[in-house]
Amino acid sequence: MFTIDTSNLSPEQLEEVMNGPALDPPPGVVPNFDHPPNENYWGIAADVICSFVVLVVVVLRACAKIFCIKERHIEDWLMVPALFIYGGGVYCDIWMIKDGGLFVHQWNIRMKDLSNIFRELHIGANLCTVTIMLLKASILLDWKRIFVPLGTRNWFYWITWVVLITHTVFYVTWIFLVNLSCMPHQKIWDITVTEGHCLDIKIIYTVAGAVNVFANFVILLLPLWTIHHLQMSKKRKGGVYVVFGVGVGACVAAAVRLHVSVYLLKSEDIVYSQAKLYLLALAEMTCLFLVLCVPTIPRVFAELGRTTKIKALLPWCSKAGEGDVVFTTPKLSSIYRQWEGAPPGSADSVGVLTTVVMAGGRDDRAYRGTTGILRTREFTLTTEDPTLGLEIAPTDIEAEIKEYHDYLRTTMF
């Protein structure tokens, strides 16, 4: 940590040091304390745009969960503190702009102002870390609910839990390490405290950045791998990729943040480099909110009847194209089908009919509150009857539901 020994300085010498630059300027550079060159406009623009985007997607997700899906789960409740802590991180940036400015070189800052800036950076780093931890936990729980069939323990289920537990333990450990990195605690930001000792905080930030990048890529690839194996048209699959692929932005921001952390290991201009780290963390947090909220937003537009363009890309919204029918999720229906092959009703019709059974029918009370695909079935139809259609008799539907419930009772723990 940056410290200054004031024990052997006279009051006049101490005043001179504390009013001097916090870092020796390069040759030929004169410190500018009153009007230092800065790039505050980047911070203000980022704060306004990111905060607006986050508020919009969070409100849309809340509307979808409360009024459309009418279900709330633990990931929805975790999003609430994440939003407020995110707001605290934005406030820290405003605090920084007011006190010292963003992208201000340390030689343009007085030594006496450095402790306040370090305290703001320390608080902001903690708030960003907690926000990222809560958002990633929410995303993993949400995707487990979407992609893991009820009552099953497949590879997606176990990988999700391993990543969730590992990432939570790591971030909790990181928070303890950062806040206990100096003894006494005040030495973390107070440059006048000379007694005690500190860990190398730069190493901690770099290791945390590397783990964060790895976790982001794992979280991004989990749903994309599953989507890749879905049987649907390329157009629709592309739409699903877009919805679940917004996490690319979080991966890019985390990777660049790791690069800046490595650069910070060799840099003495801490204040200037920390401004880059904050803006990248802000971008990553915003992308994580998008990852969590975007998959549920189409439900809001579906309720408003404004899904003309969305229906063409998202398979769960409506009818797609000729010979390929996907049903919107109704409140009480339990059977959904997608036909791939020759148009129904033609002679010698051969194709694949995918049947998806969802909880929500009259015999599904035990499974209400569950979202996602519960079971799929595929089979091939070959017939010479030109009157063949996709309608299945009610007795067949009831038989499928009964068979599915028997299957759940034998597989659930």
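The values are calculated or read from the model by the stated rules, or taken from the named source; none is laboratory data. Keep in mind that this is a model prediction, so the values were computed, not measured. Here the Cβ positions follow ideal geometry from the backbone for every residue, glycine too, while neighbour counts run over all protein chains shown.
With respect to residue 88, is the statement that it is of a type outside the set (Val, Ile, Thr) and under 23 Å from residue 22 (Cβ atoms) true?
Spelling it out, it is not the case that residue 88 is of a type outside the set (Val, Ile, Thr) and under 23 Å from residue 22 (Cβ atoms).
Condition first: among the β-branched types (Val, Ile, Thr), surrounded by fewer than 20 Cβ atoms within 10 Å (Cβ to Cβ) and touching a Pro at 6+ places or on another chain (Cβ under 9 Å). Now tell me which residues in region 92-137 satisfy that.
Hit for region 92-137 is 130, nothing else.
Of the conditions (1) of a type outside the set (Gly, Ala, Ser); (2) farther than 21 Å from residue 135 by Cβ; (3) in contact with a Lys or Arg (Cβ under 9 Å, 6 or more places away or on another chain); (4) modelled with pLDDT of 85 or more, residue 184 fails just one. Which one is it?
Condition not satisfied by residue 184: (3).
Quick test for you: out of 206, 160, 166, pick the one residue that is over 18 Å from the mean Cα position of the chain (by Cα) and assigned by TED's automatic domain parsing to the domain that holds residue 109.
206 is the lone residue from the list that is over 18 Å from the mean Cα position of the chain (by Cα) and assigned by TED's automatic domain parsing to the domain that holds residue 109.
Whether any residue in region 46-68 is closer than 30 Å to residue 14 by Cα and either in contact (Cβ under 8 Å) with a residue 24 or more places away in the chain or not β-branched (Val, Ile, Thr) (or both) is what I want to check.
no
With 97, 109, 85 as the choices, which residue is over 21 Å from the mean Cα position of the chain (by Cα) and closer than 30 Å to residue 196 by Cβ?
Of 97, 109, 85, the one residue that is over 21 Å from the mean Cα position of the chain (by Cα) and closer than 30 Å to residue 196 by Cβ is 109.
When residues of region 42-76 are filtered for being under 18 Å from residue 274 (Cβ atoms) and either of a type outside the set (A, V, I, L, M) or at pLDDT below 90 (or both), how many remain?
4
Confirm whether residue 61 is among the charged types (D, E, K, R) and surrounded by 19 or more Cβ atoms within 10 Å (Cβ to Cβ).
Considered against the rule, which asks whether it is among the charged types (D, E, K, R) and surrounded by 19 or more Cβ atoms within 10 Å (Cβ to Cβ), residue 61 comes out as yes.
Please name all residue pairs, on different chains or six or more residues apart, with Cβ atoms under 9 Å, provided the first residue is in region 151-164 and is in a helix (DSSP H, G or I) and the second residue is of a type in the set (Gly, Ala, Ser).
These pairs meet every condition: 163/215; 164/137.
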